[in-house]
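See structure below.
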Amino acid sequence: MIGHLDSSDGPGVFERVPALERGARIEVTDNRGTVHRYRVVGATRVRKSRFPTNAVYGASRHPVLVLVTCGGPYSAGRGYRDNVLVYARSA
């Protein structure tokens, strides 16, 4: 899932994602109302130019969730340099 950290109007939907720690619980409700539960197993920050496509979109043996938002240094006109990736497994 990808979401904004912030915008010119204030905090974004993923404003708290960079602060998630190992063991944190995440619940996602799909469009049918089914709740999917995950537990954070790790997080990292990478430069956008080195985005780990296979690690985020690749196959997995178990249900996983990867939250993606911006992070790192910010510069006007260019935005954030990095992406924050939070990895979670089905709980």
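What follows draws every value from the coordinates through simple rules; no lab data is involved. The structure presented is a predicted model; accordingly, all values stated were derived computationally and were not measured. As a convention, Cβ positions derive from the backbone with ideal geometry for all residues, glycine included, and neighbour counts pool all protein chains shown.
Summary of values
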quantity	calculated
Radius of gyration, Dmax [region 6-90; alpha carbons; angstrom]	14.0, 40
Dipole of the chain [Lys/Arg +1, Asp/Glu -1 at C-beta], most positive-end residue of V41, A24, S8	V41
222 nm mean residue ellipticity, helices alone, for the chain (DSSP H n ≥ 4; -39,500 (n - 2.57); rounded to 500)	-1000 deg cm²/dmol
For region 1-78: relative contact order, % (alpha-carbon pairs under 8 angstrom, 6 or more apart)	34 percent
DSSP-defined beta bridges in the chain - what % are antiparallel, rounded to 5	95 percent
